[in-house]
Structure formats: structure tokens, C-alpha cells
């Protein structure tokens with residue numbers, strides 16, 4: 001990818017994240033983001049369709065930078081404790097709780113929530129295929145399986161973020177792990 005594109009996207013992502021630390025997402029305009037990033041509005045729209053798409057990309061980039069993008073969640077060892085990748089992801093979500101509340105809450109950023117869900121479904125489907133998941137063996141299409149897993153994980157995260165005080169990320173990772181792997185309830 002062209003380094004100028006990477007640089008502009010990074011500036012836009014950083015600008016939105018910085019603005020969202022101090023202001024509710026619905027009060028931030030594309031013009032605000034563009035101004036903070038030092039680009040014009042047309043440059044913004046060359047890279048993102050709207051601020052919700054930018055938010056989803058920014059959160060994903062932040063997770064990747066923090067080593068919390070779930071890329072090493074691939075595991076065949078399904079023990080009682082959540083894997084380190086899941087713990088890192090919930091710690092990342094806790095570190096950016098205000099943004100994730102806005103993104104996963106849906107009202108302020110429905111496209112951001114949809115973007116996270118799509119990314120997570122693609123990741124789960126790819127991982128399942130690499131691990132040998134087949135529709136014939138599982139009795140469920142891989143896209144349906146991936147959607148269920150993604151919705152479960154995001155649902156746990158969304159509900160966890162509504163708690164006050166916020167339980168520790170380890171607690172939320174444990175809840176999610178139980179939802180994903182327990183078959184006895």
C-alpha cells in the first residue's frame with residue numbers, strides 16, 4: 001500500500017480517537033476529524049465512507065497495535081481458562097471502554113458495530129477453515145457458525161461494558177470463553 005495512504009489513514013484514525021476521548025461520537029463531525037488530522041474533507045471520503053467506518057478501522061488498528069486483534073486465538077486446546085489472546089482483547093476493550101461502548105452500543109455508531117462484527121465473522125470463518133471445520137462434520141454452515149461466535153463475543157463485550165463498576169477484563173474473558181466453549185448448560 002502507498003505509504004501516503006497509510007499515513008493519511010493513520011492520521012484520520014488518530015484524530016477520531018483523540019476527539020472521541022473528549023466528546024461523544026455523535027457530536028464529532030467529519031469536518032472536525034479532517035481538521036484535526038490536517039486533511040480536507042474530500043481526503044477523508046477518499047479513505048472512509050463515514051466516521052463509523054473510520055471508528056471501526058481505528059479500533060481494529062488499535063487492537064492490532066496492542067497485540068489484541070485475536071489473530072493468535074487459533075487454538076485446539078479448549079481448556080477451562082480463556083486463551084491469552086482473548087484476555088488481551090478484553091484488556092484492550094477495557095482500555096478504550098468509552099469508544100467501545102459507543103461502537104457496540106449501536107445507537108451512536110451502528111456502522112462501527114457492523115464493521116467489527118463483519119471483521120470478527122471473517123476472522124472466525126477463516127480460523128475455523130484452517131482448523132478443518134467442515135459443514136458436513138459440524139452440521140452447520142461455516143458462515144452461520146462464524147456469525148454465532150462473533151455475535152456471542154461482541155454480545156458479552158457489550159453487556160460487560162454496561163456494568164458499573166466494570167469487572168476486570170479477566171472476568172469478561174472468562175464469561176466469553178464459557179459462552180464459546182461450554183456445551184453443558
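Quick note: the coordinates plus some simple rules give every number you see, no bench work behind them. Since we're looking at a predicted model, the values are computed, not measured. In this analysis, Cβ positions are derived from the backbone assuming ideal geometry, glycine residues included, and neighbour counts consider all displayed protein chains.
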task = Under 1.5 on a/c is rounded, so check that first for the chain, then, if it is not, pick prolate when a/b is larger than b/c and oblate when it is not; a ≥ b ≥ c are the square roots of the alpha carbon gyration tensor eigenvalues.
result = prolate
inquiry  = Quick check: residue separation of residue 1 and residue 26 times 0.36 nm, minus the Cα distance between them. What number comes out in nm?
reply    = 5.9 nm
note = Nearest-0.05 FRET efficiency for residue 170 and residue 118 at R0 = 35 Å, using Cβ-Cβ distance, is 0.80
key: By average C-beta atoms within 10 angstrom, highest first, the peptides 28-41, 168-181, 83-96, 125-138   = 83-96, 168-181, 28-41, 125-138
task = Compute the length gained on full extension between residue 46 and residue 10: take 0.36 nm times their separation in residues and subtract their Cα-Cα distance, giving the result in nm to one decimal.
result = 11.6 nm
note = The helix 169-181 Cα axis meets the longest alpha-carbon principal axis of the chain at an angle in degrees, between 0 and 90 and rounded to 10, of 50 degrees
key: Value of relative contact order over region 3-49, rounded to a whole percent, pairs C-alpha under 8 Å and six or more apart   = 39 percent
Angle in degrees between helix 84-95 and the longest Cα principal axis of the chain, rounded to the nearest 10 = 40 degrees
query = Stretched out fully, how many nm does the piece from residue 159 to residue 144 gain, at 0.36 nm a residue minus the Cα gap?
reply = 3.2 nm
query = In degrees, nearest 10, range 0 to 90: what is the angle between the Cα axis of helix 51-65 and the longest Cα principal axis of the chain?
reply = 60 degrees
ask   = residue 35 to residue 64: FRET efficiency via 1/(1 + (r/R0)^6), r the Cβ-Cβ distance, R0 41 Å, to the nearest 0.05?
value = 0.95
